[in-house]
Amino acid sequence: MRGVWHTERVKSAEEELMAVVPPGSLMRKAAFGVATHALRLLSGRRRVTLLVGAGNNGGDALWAGYFLRRRGVGVSAILLNPAKAHAEGLSAFRRAGGRIVDEVGTPDLVIDGIVGLSARGPLRPDAAALVESVRAPILAVDLPSGIDPDTGEISGPFVRAHTTVTFGCLKPVHALADCGDVHLVDIGLRPTDPDFVLLDRSDIAWPVPGPSDDKYTQGVTGVAAGSATYPGAAVLSTGAAVLATSGMVRYAGPAADAIRARWPETICTGSITDAGRVQAWVVGPGTGTGSSSDGVLRSVLEAGVPVIADADAITLLAQHPTLWDARDPDTPLVLTPHDREFERLAGPVGVDRVAAARKAAQRFNAVVLLKGHRTVVAAPDGRALVNSATSSWPATAGSGDVLSGIIGALLAGGVEPFLAAGYAAYAHVLAAELAADGAPVPASGLMEAIPAAIRALRRS
Ligand SMILES: NC(=O)C1=CN([C@@H]2O[C@H](COP(=O)(O)OP(=O)(O)OC[C@H]3O[C@@H](n4cnc5c(N)ncnc54)[C@H](OP(=O)(O)O)[C@@H]3O)[C@@H](O)[C@H]2O)[C@@H](O)CC1
Ligand SMILES: Nc1ncnc2c1ncn2[C@@H]1O[C@H](COP(=O)(O)OP(=O)(O)O)[C@@H](O)[C@H]1O
Ligand SMILES: [K+]
């Protein structure tokens, strides 16, 4: 699990560290890391241009230019604001034979030191024009200029980084926006209590049956999904649950025939009142928002077991707030909206997806999984994680139905709801990667790759 810290917290951690280390030493460590990665990217080529802004980010770039000069690299620098350029960095750069120029030229590598942690708003016009004139690969210092450090928002021209070299710890931009390959340089910073986390493969503890387990003890997943119009959503959600657990899956609803035909191992009933006991319910995919769906959602919320409410169930909760009354507040609830569903429930997502999910989690006393290329999971106790897709192939119809089934299986298996949502998001991305393998894949293909994804997770 890797931690991510907001810039204000990074700055105060840096200030504490700066008070106890020799002046300038942090910047030189950071810049040495930048130069090391630049040399690796150059692999023998020898022309670098620095884009130097008015703050310490520009200072890092100038010191990196100094180290590169000492390794015989030809380094030029464009100073966006010569009067405010980092004085010591600039004099070291000049001493080492660095040149000040007006145009990017045709270097082998550009180092972006325009703005870092203190960037505010879109790039100013001179910086924006400079960024747009670059044709060479870019190594971003700390973060790609033009992307908001705390939210990943892009509101104008920005640096498309091949590589980002950052210092001390990850900041939100590294989890929420494309920064290319991100490398972390140790400058001695040791912040604690991250603002949110990123899961690694090795963090994921998928439930595994033991010798004394049977089909019931592993947790039975109930799926209340689908309708005459959308039986496919039920097939995908139920199938995902079947493939994500070796326990039992029950299906209750109008798509029972379609489920029996595709998933003979499922115990099917026409309604949830006839379904046997389950340890978690999945509700919502393809149910529609009519009065019968309303009744199903009410029954599921009253059942006293963890619920994952997706798709139409979220719309129903937004349209009929009295449905919340059916819920025992101590019973875990996971909500899995995409942006439009989120807006119905809690208002516009806005630019800070982590803050939006966190606020909604507290408001609804539920785990909120906000879907997207970068999925955010937030718990009512304030925990949050971000899970990035490795491609956009999962952006396909029915893909969210598959996710709901995986979450249901993990909840039934006793995984704590915040982690159930996080593990499921991770496995979903991995299944999509394995199934797509560079070409479009339908949601049913993604679903079929769930066992391969779990196998890969368990091998790591
Ligand atoms: N602290 C440490 O120990 C260490 C810090 N380190 C490094 O310091 C970096 C942080 O440096 P920082 O705080 O000096 O600010 P930084 O991000 O360079 O930008 C400020 C300047 O940018 C300008 N500016 C702002 N917005 C803008 C925009 N939209 N478009 C254009 N310009 C804009 C703004 O201009 P002004 O308003 O003053 O004219 C201001 O002058 C950090 O990311 C890391 O690289 C490392 O060396 C490790 C040790
Ligand atoms: N651009 C994207 N890149 C990667 N994954 C995406 C992207 N857009 C959406 N997803 C993922 O695809 C799924 C879509 O879910 P959803 O919108 O509910 O679709 P559906 O209702 O068709 O099942 C979610 O898991 C979401 O995180
Ligand atoms: K930068």
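Values computed for the structure shown
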quantity	calculated
Average silhouette area of region 110-160, convex hull of alpha-carbon atoms, in square nanometres	3.1
In order through region 218-232: 3J(HN,Hα) via Karplus (6.51 cos²θ - 1.76 cosθ + 1.60), integer Hz, x for Gly, Pro	7, x, 9, 9, x, 10, 10, 9, x, 7, 4, 6, 10, x, x
Computed over region 201-459: relative contact order in percent, which uses C-alpha pairs under 8 Å that are six or more apart	20
Debye-sum result for the chain in log10 I(q)/I(0), which assumes one identical scatterer on each alpha carbon, at q = 0.08, 0.11, 0.12 Å⁻¹	-0.54, -0.85, -0.95
Loop trypsin sites (Lys or Arg not before Pro), region 73-135 (other Cβ atoms within 10 Å of the site Cβ: 14 or fewer; DSSP)	Arg120, Arg135
Loop GluC sites (Glu not before Pro), region 84-150 (other Cβ atoms within 10 Å of the site Cβ: 16 or fewer; DSSP)	Glu103
Alpha-carbon centroid distance for the pair region 390-460 / region 222-290, whole angstrom	18
Volume of the Cα convex hull of region 2-196, divided per residue and given in Å³	104
Charge-dipole axis of the chain as Lys and Arg at +1 and Asp and Glu at -1 on Cβ define it, positive-most pick from Pro417, Ile114, Pro348	Ile114
For the chain: relative contact order, % (alpha-carbon pairs under 8 angstrom, 6 or more apart)	12
Cα long-axis angle, helix 417-436 against the chain (0 to 90 degrees, to the nearest 10)	80
Residue-averaged [θ]222 nm for the chain, counting only DSSP H segments that reach four residues, each worth -39500 (n - 2.57)	-12000 deg cm²/dmol
DSSP bridge orientation in the chain - percent antiparallel, rounded to nearest 5	20
Cα pair count fraction exceeding 19 Å, expressed as % - region 259-381	48
Accessible area of region 2-196 divided out per residue, in Å², using a probe of 1.4 angstrom	45
Degrees between helix 399-412 axis and first principal axis of the chain (Cα, 0 to 90, nearest 10)	70
Sparsely packed trypsin sites (Lys or Arg not before Pro) within region 234-279, loop by DSSP, other Cβ within 10 Å at most 15	Arg277
Heavy atoms of Met18 accessible to a 1.4 Å probe, total area in Å² rounded to 10	110
Region 152-192: radius of gyration and largest Cα-Cα distance (Dmax), Å	11.4, 34
Under 26 Å from the Cα of Lys171 - lysines, other chains or at least 8 residues apart	Lys11, Lys29, Lys84, Lys359, Lys371
Approximate shape of region 319-460 as ellipsoid semi-axes (Cα gyration tensor, √5λ), whole Å, largest first	26, 17, 14
Fraction of antiparallel bridges per DSSP, region 201-459 only, in percent to nearest 5	30
Per residue solvent-accessible surface (Å²) - region 369-460, probe of 1.4 Å	34
Carbon + sulfur, % of accessible area of the chain - ligands and nucleic acids excluded, 1.4 Å	52
Share, in percent, of DSSP beta bridges within region 2-196 that are antiparallel, nearest 5	5
Two-decimal log10 I(q)/I(0) for region 201-459, as the Debye equation yields it once each C-alpha is a single scatterer, q = 0.08, 0.12, 0.13, 0.16 Å⁻¹	-0.26, -0.61, -0.72, -1.15
Cα long-axis angle, helix 25-42 against the chain (0 to 90 degrees, to the nearest 10)	80
Cα centre as origin, Lys/Arg/Asp/Glu Cβ charges: region 201-459 dipole, Debye	380
Centroid-to-centroid separation of region 112-163 and region 306-377 [C-alpha atoms, Å]	33
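The values are calculated or read from the model by the stated rules, or taken from the named source; none is laboratory data. If you're wondering where the values come from, they're calculated on a predicted model, not measured in any experiment. Don't worry about glycine lacking a Cβ; one is built from the backbone with ideal geometry, like all the others, and counts go over all protein chains shown. Surface accessibility is based on the protein's heavy atoms, side chains included, excluding ligands, DNA and RNA. Shrake-Rupley method; radii C 1.70, N 1.55, O 1.52, S 1.80 Å.
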